[in-house]
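Read the structure below first, then the notes.
We did not get these values from a lab; they are worked out from the coordinates using the rules stated. What you see is a predicted model, and the numbers here were worked out from it, not measured in a lab. Here Cβ is always computed from backbone atoms with ideal geometry, including for glycine, and neighbour counts include all displayed protein chains.
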Amino acid sequence: MTPKKKINKKNLGTSFDRLLSYNLVDDDTIEDQMIELAEAIMSDCPVLLNFESVKDVHVCNRVLSFLSGLNYAIAGRVYQIGAESYLIASSDAFEDGSLEKWVKEFGHIDD
């Protein structure tokens, strides 16, 4: 197994430029998808997660709980953007202000 390369964030533009738009698929790979999303978030890659294709609310709750717990541990933020969409990112991803600006312009749903 080869070691993973470190991402050089300086060459990747703003956090908004690195935004990963991810449509969760409710199948046998749900755990693998959760790990892939967690690794992206820990690498300061913000994730716009869409639950639209997931019909089982328990799967949505499990994924959102897992990623929210991860985000709490790294002092990140979670914004509900739509009825079935969430922006999840580490605190470092918000440092350049591009995500904050996008959230303010797009709007988010208050809990």
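Key figures for this structure:
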quantity	calculated
GLY76 long-range amide H proximity, modeled H, under 5 Å	SER91
Student exercise, the chain dipole from Lys, Arg, Asp, Glu Cβ charges, in Debye to nearest 20	520
Cβ-based net charge around ARG77, under 12 Å, with every Lys or Arg adding one and every Asp or Glu removing one	-3
Farthest toward positive dipole pole in the chain [+1 Lys/Arg, -1 Asp/Glu at C-beta], among LEU19, ILE30, GLY82	LEU19
Listed candidates (1) 1.49; (2) 1.06; (3) 1.42 - label of the one calculated as Cα Rg over 2.2 N^0.38 Å	(2)
Residue-averaged [θ]222 nm for the chain, counting only DSSP H segments that reach four residues, each worth -39500 (n - 2.57)	-11000 deg cm²/dmol
For the chain, share of DSSP beta bridges that run antiparallel, in % to the nearest 5	70
The stretch 32-111: trypsin sites (Lys or Arg not before Pro) falling in loop per DSSP and having at most 14 other Cβ within 10 Å	LYS55
